[in-house]
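Input: a single structure, listed below in C-alpha coordinates.
The values are calculated or read from the model by the stated rules, or taken from the named source; none is laboratory data. Note that the structure is a prediction, hence the values are computed from the model and not measured. Don't worry about glycine lacking a Cβ; one is built from the backbone with ideal geometry, like all the others, and counts go over all protein chains shown. Heads up: the accessible areas ignore ligands, DNA and RNA and are worked out on the full protein's heavy atoms, side chains in. Shrake-Rupley method; radii C 1.70, N 1.55, O 1.52, S 1.80 Å.
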Amino acid sequence: MLALLIGALATGVVGCEDTTSGSPTVGSSTTAAQALFNPCTGIPDEALRAAGVDPATEEPGIAGVRQSGWEICNWEGSRYFVSVFSTARTVSEFEKKPGNVDFRDVTVAGRAGRQFKVEGASKDLLCDVVFPAHQGVIQLRVSNKASINSVEEPCTSLSRVGGAIVPVFPQ
(Lines give C-alpha, C1' and ligand atoms only; values in the text may rest on other atoms or scores of the structure.)
Protein backbone atom coordinates (compact mmCIF):
# COMPACT_ATOMS: atom_id res chain seq x y z
CA MET A 1 0.00 0.00 0.00
CA LEU A 2 2.86 2.37 0.83
CA ALA A 3 4.35 1.84 -2.64
CA LEU A 4 0.95 2.57 -4.21
CA LEU A 5 0.58 5.75 -2.16
CA ILE A 6 4.12 6.94 -2.93
CA GLY A 7 3.56 6.27 -6.64
CA ALA A 8 0.27 8.17 -6.60
CA LEU A 9 1.82 11.09 -4.73
CA ALA A 10 4.79 11.21 -7.07
CA THR A 11 2.46 11.16 -10.09
CA GLY A 12 0.59 14.18 -8.79
CA VAL A 13 3.73 16.18 -8.03
CA VAL A 14 6.36 15.25 -10.59
CA GLY A 15 3.91 15.31 -13.47
CA CYS A 16 3.23 19.00 -12.95
CA GLU A 17 6.84 20.14 -13.19
CA ASP A 18 8.01 21.94 -16.31
CA THR A 19 10.98 20.54 -18.19
CA THR A 20 13.63 22.27 -20.24
CA SER A 21 16.22 20.15 -22.04
CA GLY A 22 15.13 17.19 -19.94
CA SER A 23 15.86 18.86 -16.60
CA PRO A 24 13.00 19.56 -14.19
CA THR A 25 12.46 23.18 -13.30
CA VAL A 26 10.33 24.66 -10.59
CA GLY A 27 8.78 27.51 -12.56
CA SER A 28 9.15 29.82 -9.56
CA SER A 29 12.04 31.38 -7.70
CA THR A 30 13.39 30.17 -4.38
CA THR A 31 11.80 33.20 -2.76
CA ALA A 32 8.40 32.22 -4.16
CA ALA A 33 8.87 28.62 -2.98
CA GLN A 34 9.65 29.88 0.53
CA ALA A 35 6.38 31.82 0.51
CA LEU A 36 4.29 28.68 -0.06
CA PHE A 37 1.82 27.59 2.60
CA ASN A 38 3.41 24.80 4.62
CA PRO A 39 0.66 22.31 5.52
CA CYS A 40 2.85 20.57 8.14
CA THR A 41 3.03 23.77 10.19
CA GLY A 42 -0.11 25.54 8.93
CA ILE A 43 -2.76 22.95 9.79
CA PRO A 44 -3.49 22.72 13.53
CA ASP A 45 -3.58 19.33 15.26
CA GLU A 46 -7.22 19.92 16.24
CA ALA A 47 -8.19 20.24 12.55
CA LEU A 48 -6.27 17.07 11.69
CA ARG A 49 -7.98 15.10 14.47
CA ALA A 50 -11.37 16.45 13.31
CA ALA A 51 -10.45 15.22 9.80
CA GLY A 52 -9.90 11.71 11.14
CA VAL A 53 -6.09 11.54 10.97
CA ASP A 54 -3.44 11.32 13.68
CA PRO A 55 -1.18 14.40 13.85
CA ALA A 56 1.65 12.17 15.17
CA THR A 57 1.78 10.37 11.79
CA GLU A 58 2.86 13.56 9.99
CA GLU A 59 5.27 12.98 7.12
CA PRO A 60 6.57 15.90 5.05
CA GLY A 61 7.35 15.54 1.34
CA ILE A 62 6.99 12.30 -0.59
CA ALA A 63 8.22 9.39 1.55
CA GLY A 64 9.98 12.03 3.65
CA VAL A 65 11.76 13.61 0.67
CA ARG A 66 11.16 17.32 0.04
CA GLN A 67 10.06 18.25 -3.50
CA SER A 68 11.40 21.45 -5.07
CA GLY A 69 8.64 24.01 -5.63
CA TRP A 70 6.20 22.21 -3.34
CA GLU A 71 5.28 22.03 0.33
CA ILE A 72 3.70 18.63 1.04
CA CYS A 73 2.47 16.98 4.20
CA ASN A 74 0.78 13.59 4.76
CA TRP A 75 -1.09 12.07 7.69
CA GLU A 76 -2.63 8.67 8.36
CA GLY A 77 -6.04 7.79 9.73
CA SER A 78 -7.62 4.40 10.38
CA ARG A 79 -9.29 4.20 6.93
CA TYR A 80 -7.41 6.70 4.73
CA PHE A 81 -4.40 8.95 4.28
CA VAL A 82 -4.71 12.72 3.89
CA SER A 83 -2.17 14.70 1.86
CA VAL A 84 -2.00 18.45 1.37
CA PHE A 85 0.16 19.90 -1.40
CA SER A 86 1.02 23.58 -1.76
CA THR A 87 2.51 24.97 -4.98
CA ALA A 88 2.77 28.04 -7.18
CA ARG A 89 1.19 26.04 -10.03
CA THR A 90 -2.25 26.98 -11.36
CA VAL A 91 -5.51 25.07 -11.56
CA SER A 92 -5.16 25.23 -15.35
CA GLU A 93 -1.83 23.37 -15.17
CA PHE A 94 -3.49 20.57 -13.19
CA GLU A 95 -6.31 20.41 -15.75
CA LYS A 96 -3.84 20.12 -18.65
CA LYS A 97 -1.71 17.39 -17.07
CA PRO A 98 -2.18 14.05 -18.81
CA GLY A 99 -3.60 11.48 -16.40
CA ASN A 100 -5.67 13.97 -14.40
CA VAL A 101 -9.28 13.21 -15.35
CA ASP A 102 -12.92 13.69 -14.39
CA PHE A 103 -12.65 17.36 -13.38
CA ARG A 104 -15.70 19.01 -11.88
CA ASP A 105 -16.46 22.08 -9.81
CA VAL A 106 -17.04 21.44 -6.11
CA THR A 107 -17.43 23.46 -2.95
CA VAL A 108 -15.75 22.19 0.21
CA ALA A 109 -16.24 24.04 3.50
CA GLY A 110 -17.63 26.99 1.53
CA ARG A 111 -14.59 27.21 -0.77
CA ALA A 112 -14.75 26.61 -4.53
CA GLY A 113 -12.34 24.10 -6.00
CA ARG A 114 -11.83 21.64 -8.87
CA GLN A 115 -12.17 17.96 -8.01
CA PHE A 116 -10.36 15.36 -10.12
CA LYS A 117 -9.07 11.81 -10.20
CA VAL A 118 -5.71 10.43 -11.32
CA GLU A 119 -5.89 7.64 -13.90
CA GLY A 120 -4.33 4.32 -13.01
CA ALA A 121 -4.62 1.47 -10.56
CA SER A 122 -5.31 3.80 -7.62
CA LYS A 123 -8.04 5.84 -9.38
CA ASP A 124 -10.84 4.41 -7.24
CA LEU A 125 -8.85 4.89 -4.03
CA LEU A 126 -7.95 8.58 -4.49
CA CYS A 127 -9.77 11.88 -4.74
CA ASP A 128 -8.15 15.29 -5.19
CA VAL A 129 -9.41 18.86 -5.06
CA VAL A 130 -7.31 21.88 -6.01
CA PHE A 131 -8.23 25.22 -4.52
CA PRO A 132 -6.97 28.44 -6.11
CA ALA A 133 -4.89 30.50 -3.69
CA HIS A 134 -2.87 33.71 -3.92
CA GLN A 135 0.33 31.63 -4.11
CA GLY A 136 -1.06 29.23 -6.79
CA VAL A 137 -3.05 26.26 -5.47
CA ILE A 138 -3.55 24.16 -2.38
CA GLN A 139 -4.36 20.54 -3.21
CA LEU A 140 -6.17 18.22 -0.82
CA ARG A 141 -6.01 14.46 -1.43
CA VAL A 142 -7.74 11.61 0.36
CA SER A 143 -6.31 8.14 -0.32
CA ASN A 144 -8.35 5.21 0.91
CA LYS A 145 -6.34 2.35 2.34
CA ALA A 146 -6.40 -0.53 -0.14
CA SER A 147 -6.32 -3.02 2.74
CA ILE A 148 -9.66 -1.83 4.16
CA ASN A 149 -12.86 -3.49 2.92
CA SER A 150 -16.02 -1.46 2.40
CA VAL A 151 -14.29 1.89 2.21
CA GLU A 152 -16.25 5.06 1.65
CA GLU A 153 -15.97 6.63 -1.81
CA PRO A 154 -12.82 8.82 -1.51
CA CYS A 155 -14.52 12.00 -2.77
CA THR A 156 -17.19 11.60 -0.09
CA SER A 157 -14.42 11.23 2.50
CA LEU A 158 -12.62 14.24 1.03
CA SER A 159 -15.68 16.43 1.47
CA ARG A 160 -15.89 15.50 5.16
CA VAL A 161 -12.11 15.79 5.71
CA GLY A 162 -12.11 19.13 3.89
CA GLY A 163 -14.75 20.46 6.26
CA ALA A 164 -12.14 20.31 9.02
CA ILE A 165 -9.00 21.28 7.07
CA VAL A 166 -9.95 23.62 4.21
CA PRO A 167 -10.92 26.56 6.48
CA VAL A 168 -7.24 26.94 7.50
CA PHE A 169 -5.96 27.07 3.91
CA PRO A 170 -4.75 30.50 2.81
CA GLN A 171 -6.83 32.39 0.27
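Details
- Shape category assigned to the stretch 118-164 from the gyration tensor of Cα positions, a/c cut at 1.5: oblate
- Taking the stretch 30-141 and dividing mean pair separation by its residue count, relative contact order in percent (alpha carbons under 8 Å, at least six apart): 22
- Here the Karplus relation 6.51 cos²θ - 1.76 cosθ + 1.60, evaluated at θ = phi - 60°, turns the backbone of the stretch 35-47 into coupling constants of 7, 5, 4, 9, x, 5, 9, x, 10, x, 4, 4, 5 Hz, with x for every Gly and Pro.
- Net charge of neighbours whose Cβ lies under 9 Å from the Cβ of residue 116, counting Lys and Arg as +1 and Asp and Glu as -1: 0
- Rounded, prolate or oblate (a/c below 1.5 giving rounded, otherwise prolate when a/b exceeds b/c) for the stretch 53-171 by Cα gyration tensor: rounded
- Cross-link partners for residue 145 among the aspartates and glutamates, with Cα-Cα distance under 13 Å and sequence neighbours closer than 8 places in the same chain left out: 76, 124, 153.
- Accessible area of the stretch 38-171 belonging to carbon and sulfur atoms, whole % at 1.4 Å probe: 49
- Simple Cβ-charge dipole of the stretch 77-171, Lys/Arg +1 and Asp/Glu -1, about Cα centre, in debye nearest 20: 140
- The stretch 129-144-the stretch 40-76 distance, computed between alpha-carbon centres (Å): 13
- A simple count of charges around residue 142, restricted to other residues whose Cβ falls under 14 Å of its Cβ and scoring Lys, Arg +1 and Asp, Glu -1, yields +1.
- Potential extension, residue 134-residue 150 segment - 0.36 nm per residue separation minus Cα distance: 2.0 nm
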